[in-house]
Amino acid sequence: MTSSFTLSVDYFVRFMLIFFRLGGIIVFAPFFNHRSFPMLVRISLTLFLSLIVFPIVTDQNFVSPTSIYSFFLAIFRELMIGFVIGFCAQLLFTSIQFSGELISLQVGLSAATLLDPGQNEQITAIAQLYNFFGLVIFVGVGGHHLLVRSMVETFDIIPLDGFRLTAGIVSNVRTLFGQIFTIGFQISAPVFVASFLATVAMALITRAIPQINVFVIMPPFQIILGFTMIALSLNATIFMFQHLFEKMAENLHMIILDIGEASR
């Protein structure tokens, strides 16, 4: 009787740790963390995935916590694994939103803000457009399937209660965070270059014909030029989004390997 009870408690602890790791990823990862997903749906999805993953998680070296304190500490570590993985995946969408903010600033629409229902914050209209566009491409290339595979992969590499924060993990997360600006400028480059050339051309025209009121002509011209360049560079933007989402798989795998290495 005692052995059976101990075994059931061990199963319960393992299941809870699996549940909180998957829940942490779903709460913080893109697509799943969108506000259009009610909390009940997220919990149900986490429970469903946990029931699927639980039979295939055979960590023979795992020792159940012996106290409430160590149990909650293990849950916190599993949540941190989900947070790190979800945060790294979300950084890509942050860079896409940043590119939209840059374009809005360049064409003079930085004051035209909307409420982003996904993040519950005010962002510019173009950033909102790029966010939705990126989300559609993300689903189209199977990014949500990629996240589910990454969730399952963590149990093959990272043991339960095995999260340890090391300098290597912090360094890789910092590198991914720094890529927000690089990716943002790359996506917004067509509009930036066209706007810069238009500004230079308008300055030369104003110098040659001082009677032209550049402050009246330039704002609407910048808006028209900006949306024209967005339309002309649409194919290139789609290709870049697809490349970024494929790169995200490599980044997540690298982070998972780092966490797994730190846990040994």
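Things worth noting here:
- The set of residues from the range 203-246 being loosely packed, with under 12 Cβ neighbours inside 10 Å, modelled with pLDDT under 85 and of a type outside the set (A, V, I, L, M, F, W, C) comprises R207, P210, Q211, N213, P220.
- Test: residue in the range 26-38 that is without any contact (Cβ under 8 Å) to a residue 60 or more places away in the chain, part of a helix (DSSP H, G or I) and more than 23 Å from F245 (Cα to Cα): no
- Figure legend. Inter-residue proximity from the range 242-263: first residues more than 14 Å from A89 (Cα to Cα), second residues among the charged types (D, E, K, R), beta-carbon distance below 7 Å, spacing 6+ or different chains. Indicated pairs: A262/R164; S263/R164.
- Inside the range 167-191, residues that are among the polar types (S, T, N, Q) and exposed (fewer than 13 other Cβ atoms within 10 Å of the Cβ) make up a count of 3.
- Checking the stated criteria, G86 turns out to be closer than 30 Å to S188 by Cα and crowded, with 22+ Cβ neighbours inside 10 Å.
- From the list D161, D156, the lone residue that is surrounded by 16 or more Cβ atoms within 10 Å (Cβ to Cβ), over 17 Å from the mean Cα position of the chain (by Cα) and of a type outside the set (A, V, I, L, M) is D161.
- Residue check: A194 meets all listed conditions (1) hydrophobic (A, V, I, L, M, F, W, C); (2) surrounded by fewer than 15 Cβ atoms within 10 Å (Cβ to Cβ); (3) farther than 20 Å from L92 by Cα but one, namely (2).
- One residue from M240, M218, M229, M248 being over 30 Å from F138 (Cα atoms) and in a helix (DSSP H, G or I): M218
- Subset of the range 58-73 [outside any loop (DSSP other than H, G, I, E, B), at pLDDT below 90 and among the hydrophobic types (A, V, I, L, M, F, W, C)]: I68, F71
- So F19, is it modelled with pLDDT of 90 or more, loosely packed, with under 15 Cβ neighbours inside 10 Å and not acidic (D, E): no
This table checks each residue for (1) in contact (Cβ under 8 Å) with a residue 60 or more places away in the chain; (2) surrounded by fewer than 12 Cβ atoms within 10 Å (Cβ to Cβ); (3) of a type outside the set (D, E, K, R).
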{"residue": "V41", "(1), (2), (3)": "no, no, yes"}
{"residue": "T46", "(1), (2), (3)": "no, no, yes"}
{"residue": "L51", "(1), (2), (3)": "no, no, yes"}
{"residue": "F62", "(1), (2), (3)": "yes, no, yes"}
{"residue": "S67", "(1), (2), (3)": "no, yes, yes"}
{"residue": "F72", "(1), (2), (3)": "no, yes, yes"}
{"residue": "I75", "(1), (2), (3)": "no, no, yes"}
{"residue": "E78", "(1), (2), (3)": "yes, no, no"}
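The values are calculated or read from the model by the stated rules, or taken from the named source; none is laboratory data. Keep in mind that this is a model prediction, so the values were computed, not measured. Don't worry about glycine lacking a Cβ; one is built from the backbone with ideal geometry, like all the others, and counts go over all protein chains shown.
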